[in-house]
Amino acid sequence: MENHPIDLVSIANELEAFVQTCVPDSTSVSKYGGTLFTLKPEEKEGQFCGVFVYSAHVQLSLSHGPLLKDERKILKGTGKYRRHVNFKSQDQIDYAYLKELIIQAASF
């Protein structure tokens, strides 16, 4: 997470810790320039979300995104397998709602 504003790094650290509390059995793996969370570290299919720091925001990416029940429609993207939500500040994060999405993604 080098060369990123400290507030973005703080948001990423907070999100990573939050994912770990939502899915305590998960393992974090540094990959693709961010942190992936998996229930099966030895298999790609076990990955259910990731946290990535970009120059202007932090992204929480969720596997099985098109299948997730997202009543508030906060997930963005058109990929076949993933959806994401971007955060520019800590106060944008609705932890209760994100927990529901993270747990859904981990359940696949």
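Can you pull the semi-axes for the chain, root of five times each eigenvalue of the Cα gyration tensor, sorted largest first, whole Å?
Semi-axes from the Cα gyration tensor: 19, 16, 13 Å.
What residue among Val29, Val53, Val19 shows peak mean-square fluctuation when the chain is described by a Gaussian network model with Cα springs under 10 Å? Taking springs between Cα atoms under 10 Å, the residue moving most is Val29.
Between the exposed loop cleavage positions of the chain, defined as GluC sites (Glu not before Pro) in a non-H, G, I, E, B DSSP state with at most 13 neighbouring beta-carbon atoms within 10 angstrom, the longest gap is 3-41. Couplings 3J(HN,Hα) of segment 35-40, computed from phi: 10, 9, 10, 9, 9, 9 Hz, in residue order, whole Hz [Karplus 6.51 cos²θ - 1.76 cosθ + 1.60, θ = phi - 60°; x for Gly and Pro]. Note on Lys88: aspartates and glutamates with a C-alpha under 16 Å away, same-chain residues under 8 apart excluded, are Asp7, Glu14, Glu16.
Could you rank the peptides 72-78, 56-62 by their average count of other C-beta atoms within 10 Å per residue, with the highest value first? Show your work: numbers first, answer last.
Working: 72-78: 12.1, 56-62: 21.3.
Result, highest mean first: 56-62, 72-78.
Report the chymotrypsin sites (Phe, Trp or Tyr not before Pro) located in segment 1-69 that are in a DSSP loop and have at most 15 other Cβ atoms inside 10 Å of their Cβ, or state none. Mind showing how you got there, number by number?
Details: sites: Phe18, Tyr32, Phe37, Phe48, Phe52, Tyr54; in loops: Tyr32, Tyr54.
Answer in residue order: Tyr32, Tyr54.
Extending 7 Å from the Cα toward the beta-carbon at both Ile103 and Ile74 defines two label points whose distance is 1.5 nm. Phi angles across segment 91-103 convert, under the Karplus curve 6.51 cos²θ - 1.76 cosθ + 1.60 with θ = phi - 60°, into 3J(HN,Hα) values of 6, 7, 8, 9, 4, 4, 5, 4, 4, 4, 5, 5, 5 Hz, Gly and Pro given as x.
Read-outs throughout are calculated quantities, based only on the coordinates presented, and are distinct from any laboratory measurement. As the structure is a computational prediction, the values presented were derived from the model and not from experiment. Counting neighbours? That spans all protein chains shown, and the Cβs are built from the backbone with ideal geometry, glycine included.
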